[in-house]
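Single-structure report; data block below.
The values are calculated or read from the model by the stated rules, or taken from the named source; none is laboratory data. Quick caveat, the model's predicted, so the values are computed rather than measured. Because the Cβ atoms are built from the backbone with ideal geometry, glycine has one as well, and the counts that use them run over all protein chains shown.
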Amino acid sequence: MLQILINTLIYSGEIGIIAVGVALSYSVLRFANFAHIQFAVVGAYLAFTLNQFLHCPLVLAVILAAVLTGGIAVTVDALVFSRLRDVTPEGKMIVSWGVALLLRSTMGAIFGSSSRVFGLEPASLQIGDAFFTSLDVVVVVVAILAMILLHFLLYSTRLGTALRALASNADLAATRGIPARRMVSLMWFICGAYAAIGGSLFALESQLAPNMDLIILLPVFASVTLGGLSNVFGAALGALGLSLAQNLLIGVDFGSWFSANSWSVPTQFRDFIAVGAMVIILLLRPYLARRRRAV
Amino acid sequence: MIDFAVFSITIIAVWSVLAISLHLQFGLTGLVNFGQVLPFAVGAYGTAFAAAHGLPAWAGAGIGVTLAPLLGLLVILPASRLAQDYWALVTLGAGEIFRLTMLNVPVIAGGDEGTSVYRFQNADLAMVLALTLLLVTLLFARRVGASPLGRMLRVLREDEVLAATLGRNPFRLQRMVTAASWVMAAAAGVLYAHVTGYISPSSFTVLETFVIWTAVVLGGPSTITGVLLGTVIVQLTSVSTRFVAQWSGLPSDLVANLRLGAYGLVLILVFLYRPQGLIPERKLRYDADRL
């Protein structure tokens, strides 16, 4: 059981850092940004390049990658999304796939389709009968720190207040003298940087390949949907809930309930839970919304 | 050279059917289907399932073409009454789930290794069949687009509430369109399976969906000529990738990536500079006195 909880924390850390960015950009600009997934992949590749080819220490490499990916996100906004503010949300979603395809193929063209590993050798640790590595500890600590930092940024600084004002009523915020353009750029920077950190952690834990995007796509968007699309910390909680559901289903030995043979759900089926959770929430959503209105 | 032309025409016809299917859903009705590859895959896998289990080919086609609209109705169920963002997410998820199921449950059709299916020995026959299917879907889509139903679908695309105030049930219309267009895409999938002779999960990723989207957005989603033009452009670049790789001496992996990147760039540029596509929809005018 402890092992399941530990695995839950690790996986939700990786997914959650990426998911908050999707929710943040949705809350301000009102569209689901599918290019966000590629920011994570780009960030991971940048961290890899800095670490393996330019011999930066790993921590510095990830920080630099986050800054650079933040810059890429701001650039993408300046070149594409800022010029499409009046397009319908569906249109922006489609364009965000265009950006995603472009970023994905750039990464594929530069690094090839074979997978790469960072080649870390983390120490293994043990609490009771649960095993984990020192890297897992780092992932969870980084995820928690990232969430605290984001919370501080959004709720305890003037910048965060301005950003939240922009999310709740863009016109009013602009009338009250909030520099909307600069705030949106700041938001993109945060999105890109967080995606890069999440992507790097994900790649450190497993491996780096251009098709990493297909692996993180469903869990990230399921987490964001669970949290209500525009709720930043809802997305983080969504990642936690989703991860718990996945690890419970995979980790529990269902076979022993009915017979002597042990049987549990194969790991490849974790994405079914992601989509399943998404569908259940969408089915319940009209009722949830009605109840909230009634209160 | 003739062989290559026949093959290209077959492939273009198959993808044109997919594009027309998306035209009905997105261009006409405004449904943002990010899982367009799903009905296509269902059609192909119906065939693959039949081949892997020793059933006749017509049974496989039957399975694919019946299962696809049923899945479509199932997928649209949670998405009705919700904004298009959610419909996009649900269809995207459904498409990926289908691919992952095929990948991880080898009993159905060979899992990762895929399945060989009957391949048309006569390339001309394949081309004629593909063109026939294209013609049927084309006539159907034209018929729908020009009918009062087509007008109502356009109303629905522009304003769901308006369609409802005109006494139409938006969800019923959306369900109809989904079922009809998913049958088309499934039929294209069946044909595709018999043209290539081999089906594996890697042919049905999210990226395939966006190859169809690129074609539709480039040509103009709301006109049939537009989506056909878009498909011809996109699929010609796709089938010629092999030759470009040979001719330029670049690794085919790199060329494939560049092609995908070009599609992404096309999507972005079209939205920036020509959001209505190469062939825009003409505004329909009706003269009340002459009706």
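Worth pointing out:
- Subset of the range A:220-239 (residues that are surrounded by fewer than 21 Cβ atoms within 10 Å (Cβ to Cβ) and among the hydrophobic types (A, V, I, L, M, F, W, C)): A:Phe233, A:Leu237
- Residues of the range A:254-278 satisfying the condition of being within 17 Å of A:Thr8 (Cβ to Cβ) and more than 23 Å from the chain's Cα centre (by Cα): A:Ser264, A:Val265
- Residue among A:Val220, A:Val232, A:Val279, A:Val224 that alone is touching a Leu at 6+ places or on another chain (Cβ under 6 Å) and among the aliphatic types (A, V, I, L, M): A:Val232
- For the condition within 14 Å of chain A (Cβ to nearest Cβ) and buried (at least 21 other Cβ atoms within 10 Å of the Cβ), B:Ala186 does not qualify.
- Among residues that are among the β-branched types (Val, Ile, Thr) and surrounded by fewer than 23 Cβ atoms within 10 Å (Cβ to Cβ), A:Val252 is included.
- Test: residue in the range A:86-96 that is within 14 Å of another protein chain (Cβ to nearest Cβ), of a type in the set (Gly, Ala, Ser), touching a Leu at 6+ places or on another chain (Cβ under 8 Å) and surrounded by fewer than 24 Cβ atoms within 10 Å (Cβ to Cβ): yes
- Taken residue by residue, the range A:13-25 has no member that is on the phi < 0 side of the Ramachandran plot, surrounded by fewer than 21 Cβ atoms within 10 Å (Cβ to Cβ) and either more than 9 Å from chain B (Cβ to nearest Cβ) or out of contact with any Lys or Arg (no Cβ under 8 Å at 6 or more places or on another chain) (or both).
- Among the numbered conditions (1) at pLDDT below 90; (2) out of contact with any Leu (no Cβ under 8 Å at 6 or more places or on another chain); (3) more than 9 Å from chain B (Cβ to nearest Cβ); (4) buried (at least 18 other Cβ atoms within 10 Å of the Cβ), the only one that A:Gly119 does not meet is (4).
- Test: residue in the range B:2-25 that is away from chain A (no Cβ under 14 Å), surrounded by fewer than 22 Cβ atoms within 10 Å (Cβ to Cβ) and charged (D, E, K, R): yes
To keep it simple, each residue is scored yes or no on (1) under 13 Å from the mean Cα position of the chain (by Cα); (2) under 26 Å from B:Thr66 (Cβ atoms).
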position: B:Val136; (1), (2): no, yes
position: B:Arg143; (1), (2): no, yes
position: B:Met152; (1), (2): no, no
position: B:His194; (1), (2): no, yes
position: B:Ser203; (1), (2): no, yes
position: B:Phe210; (1), (2): yes, no
position: B:Gly220; (1), (2): no, no
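- The single residue among B:Gly60, B:Gly46, B:Gly95, B:Gly72 that is surrounded by 22 or more Cβ atoms within 10 Å (Cβ to Cβ) and within 14 Å of another protein chain (Cβ to nearest Cβ) turns out to be B:Gly95.
- Checking each residue in the range A:209-262 for being β-branched (Val, Ile, Thr) and within 14 Å of chain B (Cβ to nearest Cβ) picks out A:Ile215, A:Ile216, A:Val220, A:Val224, A:Thr225, A:Ile250.
- Condition check for A:Met183: under 23 Å from A:Val41 (Cα atoms), under 23 Å from the mean Cα position of the chain (by Cα), surrounded by 15 or more Cβ atoms within 10 Å (Cβ to Cβ) and in contact (Cβ under 8 Å) with a residue 12 or more places away in the chain: no
- Any hit, the range B:265-283, residues being of a type outside the set (Ser, Thr, Tyr) and touching a Pro at 6+ places or on another chain (Cβ under 7 Å): yes
- Residue list for the range B:227-237, filter: surrounded by fewer than 20 Cβ atoms within 10 Å (Cβ to Cβ) and of a type in the set (S, T, N, Q): B:Thr237
- From the options B:Ala5, B:Ala13, residue that is in a helix (DSSP H, G or I) and within 12 Å of the chain's Cα centre (by Cα): B:Ala13
- Residue that is of a type outside the set (Asp, Glu), touching a residue at least 60 places away in the same chain (Cβ under 8 Å) and within 14 Å of another protein chain (Cβ to nearest Cβ), where the choices are A:Ser105, A:Ser114: A:Ser114
- In the set (1) free of Cβ contacts under 8 Å to residues at least 40 places away in the same chain; (2) among the small types (Gly, Ala, Ser); (3) more than 14 Å from every other protein chain (Cβ to nearest Cβ), the condition left unmet by B:Gly226 is number (1).
- Matching residues, the range B:242-277, being in a helix (DSSP H, G or I), within 14 Å of chain A (Cβ to nearest Cβ), surrounded by fewer than 16 Cβ atoms within 10 Å (Cβ to Cβ) and not hydrophobic (A, V, I, L, M, F, W, C): B:Ser248, B:Ser252, B:Asp253, B:Tyr273
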